[in-house]
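The values are calculated or read from the model by the stated rules, or taken from the named source; none is laboratory data. Everything quoted here is computed from the prediction, not taken from an experiment. Cβ placement follows ideal geometry from the backbone for every residue including glycine, while neighbour counts extend to all protein chains displayed. Heads up: the accessible areas ignore ligands, DNA and RNA and are worked out on the full protein's heavy atoms, side chains in. Shrake-Rupley method; radii C 1.70, N 1.55, O 1.52, S 1.80 Å.
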Amino acid sequence: MQTKVLFQDVKSSNFTLSPKRAAFYEISDIIRNAKYKVEDEDLVFYENIDLIYRTLCAILYNFAPMSGHPGGSISSGRIVSSLLFDTMDYDISDPERKDNDLIVYAAGHKAMGLYAMWALRNELLRIADPKLLPEEKFQLRLEDLLGFRRNPSNDTPLFKKFNSKPLDGHPTPLVPFVKIATGASGIGVGGAIGLGLGAMDTFRENPSVINIIEGEGGMTPGRVAEAMAAAATAQLSNVIMHLDWNQASIDSNKVCSENKVPGDYVQWTPAELGYINDWNVIYVDDGFDFKKVLTAQNFAYNNKANKQPTLIVYRTTKGWKYGLEGKSSHGAGHKFASDGYYSTLNEFEEKFKIEMPRFCSSKPIPEAIEKCFYDTLLTVRKVIEGNMDIPKMALEKITFIKDRLNALKRNPHKDVPQADKIYSHDAKNIPSELELKEGQKITLREVLSKTLGYLNKKSNGSILVSSADLYGSTSVKFIGEGFAQGFYNAVLNPDSRLFAGGGICEDGIGAMMTGLSSFSTHIGVASSYAAFVAPLEHISARLHAIGQQARHELTGAPRNTFIMINAHAGIKTGEDGPTHADPQPLQILQGNFPQGALITLTPWSPDEIWPLMIEALNKRPAVLCPFIPRPDETLINRTKLGLPEATAAIKGIYPIIKAAKDHKPYHGTVVIQGNAVASIFVNEVLGEIRERGLNMNVFYVTSMELFSMLDEEERDKIFPPHLAKEAMGMTDFTLPTMHYWIRGEEGLKRTLYSFKKGHYLGSGKAGDVLKEAGMDAKTQIETIMEYAKFMETK
């Protein structure tokens, strides 16, 4: 008998989800049972706003030219205009006000829509009451649209005349009211949730609300599910995601399953994904019906009894009324100055009885395109000025919103975190609580975490840490010592400093902790194996660095630091094998960001942690990446060994031995980086070198970035450039990480590094793995002696 026959009568069981704290709502039920009503004159206003907005989107795509994402910008327009002119509480006069509600375009490709809506709002207020607007740098003017997808170096005449903002293809904080850079798939949701965490922990009662604009395609990255799980677990009720469900992506018109038809990419609906992650879900069957959109948003704002985040799913059509719908309008649109483009202007022209300019230059040169672009924008301005009921109602609504915010009296709680207190300590003055004793055995990870724990207490708990189920293993539990035990929960445990980031979720954790840092009252810390955290959080770190650069350009404020702890770093994490004991992570980060944006630290001794961390924090990088091994170290007596004080580490490199300049023979220079090779060298090799009378320089690298930030004169004094041409190296990491220090072909050939033998290393105790790699004490001595002999003959 065939096996399948034995099971042919088995029927599937009924499956039901376990009870959730969250609830599901249909918009029809809310409208039927609510007293909330949208007035007819409001509907007229919003229809006019949407028509002007859609026209601006079409204009932007045409004059970029033919660049951007019109489809999703158009389909989300009614969602955003409802938020800006009705639902949200914010002060248009002060974009930096901490208690403002925020919109985060997690769907960064909808940036065209962000710029169009921001410029439209600004233009309405400029006409109705310009006194309400902030200073010009905190505005996004109609003239700034000339900078859409233009480089800062653009030299077209009107761009220069009006000092237009260069508006990036995806949002950055160069734009007022934008707090994080978004666009890399899935990062925006996690970043926005991090902002929500910062707002919740700053205000606690009645926090500012973070509104996330996303599409169903943007929900498919795994990091989004990670972040959604974390937000619901922490009960961040001040986070509302507005999901523009248009079913279209770059390549598909059927992203999700719907009406029993399988999706091309995923087999859930957005509502299902939200609800299974314990988010309240409101389903709006028509995302173009302003009554339904406004009702759903107001219900979400006023219905937070269960203290869960909320997802509003609006069913829409990508490219609605644009002439191209679905995937064909995702990152594409009508050809420049084509009949298709002009057809998108028809509704605007008919409604307002005006004709838009046609491009008539014989040559589509940049200056001519810009002139027609500006003439077209001026036509939009003329329409608004000629229909004063629109700007007057916009003024009335924005004024009411500001007054409503003031009436809320959102005040930070009495023990509000103060991250600024972290950036003012003395790297050379180690607190008594953190002093270490000679002979003491302790891990660098414990010293690092206790250092951050000390700073946490001094700053009213401004540090929240999230780890990939490794709070004890990577020792970051010490960061939360002295605060409430257990994991953070906005309702049940708001004083804890340990944030459960969804579990083993380095990807989502990076996005959330960078978002937390961006709120500026906190420092977000992420921790995991360096093998995982460096590659998985690289995108979050990069976007955070981009965002902080833009924020500085706009406000002049220093960067807000995010700390990525690369724990269990290097090959001393031997028993876990090559999947975990990875020498590659430093190469991913070191030297790969603009100067000052990211700092890596590679201390080898526990007493170097405080000075390095404080020196790096005082530099205010966007990203700080300490690399910390797993095993414990015995604290040495640096004076007895002839080593400089641990505070010498703050220069990025320091001499373990200095050669006598005029003494012959001269045996060259060795540069060391990494705890494993350094601890072997200091404890087993250093004495041997001295006994053999080698006249050589030996340097230890603690931070390439700290060294590169010194002025040239000091760099040349500490590590003269000619030494790099002769030096060989020894590193826990990969050969490219030594290229800054080792510039000669002979030195690179002699350098010891983890992959020198051409393969990944096996498992085992640290000593065994180092022996396999050829970086044990015996091999170090042999290699150094061969190099010394070579240098004698030069």
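Using a cutoff of 8 angstrom between alpha carbon atoms and counting only pairs six or more residues apart, the relative contact order for the range 54-143 works out to 30 percent. Separation of the range 370-391 and the range 640-697, taken as the distance between their Cα centroids, equals 70 angstrom. Summary of packing: across the peptides 119-131, 225-237, the per-residue average of other C-beta atoms within 10 Å ranks them, highest first, as 225-237, 119-131. If you find the alpha carbon centre of the range 1-69 and of the range 224-284, how far apart are they in angstrom? That distance is 9 Å. Over the range 526-597, Cα pairs under 8 Å with separation of 6+ residues give a relative contact order of 45 percent.
Remind me, relative contact order of the range 626-781 in percent, using alpha carbon pairs under 8 angstrom and six or more residues apart?
It comes to 23 percent, rounded to a whole number.
Rolling a 1.4 Å probe over the heavy atoms of the protein chains gives the range 659-752 an accessible area of 41 Å² per residue.
The trypsin sites (Lys or Arg not before Pro) found in the range 624-706 that occupy coil by DSSP, while having at most 12 further C-beta atoms within 10 Å, are Lys640, Lys661, Arg692.
Can you give me the distance in nm between label points at Val261 and Lys392, each placed 7 Å from the Cα along the Cα-to-Cβ direction? A separation of 4.7 nm, rounded to one decimal place. Between the beta carbons of Glu575 and Ala484, assuming R0 = 30 Å, the FRET efficiency works out to 0.30 to the nearest 0.05. Roughly how many percent of the accessible protein surface of the chain is carbon and sulfur, given a 1.4 Å probe and a whole-percent answer? Summing carbon and sulfur atoms, their accessible area is 50 percent of the total for the chain. Helix 444-458 axis versus longest C-alpha principal axis of the chain: approximately 50°, rounded to the nearest ten. Working from Cα positions, state the angle (0 to 90°, nearest 10) between the long axis of helix 609-618 and the longest principal axis of the chain. Approximately 40 degrees, to the nearest ten.
Restricting the trypsin sites (Lys or Arg not before Pro) of the range 214-278 to loop positions (DSSP other than H, G, I, E, B) with no more than 11 neighbouring Cβ atoms within 10 Å leaves Lys260.
Shown here is the pair-distance distribution of the range 638-794: with all Cα-Cα distances grouped in 5 Å bins from zero up to the longest one, the shares run 2, 9, 19, 23, 21, 15, 8, 2, 0, 0 percent. Antiparallel beta bridges, as assigned by DSSP with both residues in the range 236-355, represent about 10 percent of the total such bridges. Charge dipole (Cα centre; +1 on Lys/Arg Cβ, -1 on Asp/Glu Cβ; no other charges) of the range 1-123 amounts to roughly 880 debye.
Charging the Cβ of each Asp and Glu at -1 and of each Lys and Arg at +1, and nothing else, the dipole of the range 637-754 about its Cα centre rounds to 320 debye. When the square roots of the Cα gyration tensor eigenvalues are ordered a ≥ b ≥ c, the ratio a/c for the range 250-342 is 1.5 or more and a/b does not exceed b/c, which makes its shape oblate.
Restricting to DSSP loop positions (anything but H, G, I, E, B) with no more than 14 other Cβ atoms inside 10 Å of their own Cβ, which GluC sites (Glu not before Pro) remain in the range 10-55?
Glu39
Take the range 439-479 with all the other protein chains still there, run a 1.4 Å probe, and you get 29 Å² of accessible area per residue. What shape does the range 425-505 have by the C-alpha gyration tensor, where a ≥ b ≥ c are the square roots of the eigenvalues, rounded means a/c under 1.5, and otherwise prolate means a/b greater than b/c and oblate the rest? Cα axes put the range 425-505 in the oblate bin. Take Asp251: with every protein chain present and a 1.4 Å probe, its accessible area is about 110 Å². For the chain, the dipole from Cβ point charges (+1 on Lys and Arg, -1 on Asp and Glu) about the Cα centre works out to 440 debye, to the nearest 20. Could you tell me what percent of the DSSP beta bridges with both partners in the chain are antiparallel, to the nearest 5? So the antiparallel bridges in the chain amount to around 15 percent. For the set Leu706, Leu6, Leu395, Leu536, solvent exposure ranked by accessible area (probe 1.4 Å, protein chains only) runs largest to smallest as Leu6, Leu536, Leu395, Leu706. Rolling a 1.4 Å probe across all protein chains gives Thr639 an accessible area of roughly 120 Å². Helix 389-408: angle to the longest alpha-carbon principal axis of the chain, degrees 0 to 90, nearest 10? Here the helix axis deviates by roughly 50 degrees. Compared with the direct C-alpha span, the chain from Phe400 to Lys414 gains 2.2 nm at full extension, assuming 0.36 nm per residue.
Sorted on the mean count of surrounding Cβ atoms within 10 Å across their residues, most packed first, peptides 268-278, 765-775 read 268-278, 765-775.
Between the beta carbons of Asp40 and Asn303, assuming R0 = 22 Å, the FRET efficiency works out to 0.30 to the nearest 0.05.
Which of rounded, prolate or oblate describes the range 330-436 when judged by the alpha-carbon gyration tensor and an a/c cut-off of 1.5? Note, shape of the range 330-436 comes out oblate. Annotation: Asp469 carries an accessible surface of approximately 110 Å², with a 1.4 Å probe and no ligand, DNA or RNA atoms counted. Label point 7 Å out from Ser361 along Cα-to-Cβ: which residues of the range 134-152 have amide N under 15 Å? Inside the label zone: 146-147. Which number comes out as Rg/Rh for the range 254-405 once both Rg and the Kirkwood Rh are worked out on C-alpha atoms? Over the Cα atoms of the range 254-405, Rg/Rh equals 1.07. Once the 1.4 Å probe is applied to the protein heavy atoms, the range 542-613 comes out at 27 Å² accessible per residue.
With the simple model of a label 7 Å out from the Cα in the direction of the Cβ, Asn163 to Lys725 spans 4.7 nm.
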